[in-house]
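Trainee: I'd like to ask some things about the structure below.
The values are calculated or read from the model by the stated rules, or taken from the named source; none is laboratory data. Remember, predicted model here, so these are calculated numbers, not experimental data. Quick reminder, even Gly has a Cβ in these numbers, built from the backbone with ideal geometry, and neighbours come from all protein chains shown. For accessibility, only protein heavy atoms count, side chains too; no ligands or nucleic acids. Shrake-Rupley method; radii C 1.70, N 1.55, O 1.52, S 1.80 Å.
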Amino acid sequence: MRSSIATFATPDTPSIPLFALRAEDLGTWLTSQPERLRSWADASGFKAGAGQVLSLPDDAGRPLVAVVGLGDAAARARGRFALAAAPARLPLACYHIASQHEPDWLAEQALGWLLASYRFDRFRRTEAAPLPQLKAPDGVDPVRLEIMAAAE
């Protein structure tokens, strides 16, 4: 059986900041960002809804910053693995979580990313398109999370 088990990017891999934002924190976060990002978010209709993703390109069109919405309190209470939607929706690149969160939350989200990046490709005739990668967040045990993802 062939499968593609996801792993974290190596710590020295260049990466793009990924901010995970609750809907109620979006306004405060945006005021601390450059005008270009605020305008892009506004023009894109980004409201930090659960699973909503925004990628801001640099002048050459490559991803510069990414933001993933965590939704409001009700949406967060209904779901886990808020970042699991990100690999399928973000441009191909390596990311690191740049927003501040509790270590347990970071570990849960990183595991969700790995689980969402799993590929069962036993019957594929061609290789699946690559997905974005994530660096293991500071304060989590990457080996433990990769073992958990592989065991799933």
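Trainee: Hey, if you put +1 on the Cβ of every Lys and Arg and -1 on every Asp and Glu Cβ in the stretch 1-150, which of Ala84, Gly61, Pro17 ends up farthest toward the positive end of that dipole?
Mentor: Highest projection toward the positive end goes to Ala84.
Trainee: On a 0 to 90° scale, report how tilted helix 35-44 is relative to the longest principal axis of the chain, with both axes built from alpha carbons and the result rounded to the nearest 10.
Mentor: Long axis of 35-44 versus the principal axis of the chain: about 70 degrees.
Trainee: What accessible area per residue comes out for the stretch 1-115, rounded to a whole number of Å², with a 1.4 Å probe?
Mentor: Counting only protein heavy atoms, the per-residue value for the stretch 1-115 is 53 Å².
Trainee: Between Phe81 and Ser39, what FRET efficiency follows from the Cβ-Cβ distance if R0 is 22 Å, with the result rounded to 0.05?
Mentor: E between Phe81 and Ser39, to the nearest 0.05, is 0.15.
Trainee: Say we join alpha carbon atoms closer than 10 Å with springs in a Gaussian network model of the chain; which of Leu21, Leu106, Leu92 then has the biggest fluctuation?
Mentor: Maximum fluctuation in the GNM of the chain, among the listed residues, is at Leu92.
Trainee: Sticking with this one: I need the P(r) histogram for the chain: all alpha carbon pairs, bin width 10 Å from 0 out to the longest distance, whole percents.
Mentor: Final binned percentages: 11, 40, 34, 13, 2.
Trainee: Follow-up. Run through the DSSP bridge list for the chain and note the antiparallel percent, rounded to the nearest 5.
Mentor: 40 percent
Trainee: Mind listing the long-range amide H neighbours of Ile16? Cut-off is under 5 Å, sequence gap 5 or more, other chains count too, H placed in the peptide plane at 1.01 Å from N.
Mentor: When sequence neighbours closer than 5 places are left aside, the close amide H contacts are Cys94, Tyr95, His96.
Trainee: Just round it to a whole percent: the fraction of Cα-Cα distances in the stretch 1-83 exceeding 21 Å.
Mentor: 39 percent
Trainee: Within the stretch 44-152, list the trypsin sites (Lys or Arg not before Pro) lying in a DSSP loop whose Cβ has at most 15 other Cβ atoms in a 10 Å radius.
Mentor: Taking the stretch 44-152 and a limit of 15 other Cβ atoms within 10 Å, the loop trypsin sites (Lys or Arg not before Pro) found are Lys47, Arg80, Arg122, Arg124, Arg125.
Trainee: Okay, moving on. Nearest 10 degrees, 0 to 90: what angle lies between the long axis of helix 103-116 and the longest principal axis of the chain (Cα atoms)?
Mentor: Orientation of helix 103-116: about 60 degrees from the principal axis.
Trainee: Quick query: amide H of Thr7 versus all other amide H atoms, modeled in the peptide plane; which residues come in under 5 Å with a sequence gap of 5 or more or a different chain?
Mentor: Distant-sequence amide H within range of Thr7: zero hits.
Trainee: Which value in deg cm²/dmol, rounded to the nearest 500, describes the helix-derived mean residue ellipticity at 222 nm for the chain, given -39,500 (n - 2.57) per DSSP H run of n ≥ 4 and division by the residue count?
Mentor: My calculation for the chain gives -9000 deg cm²/dmol from helical runs alone.
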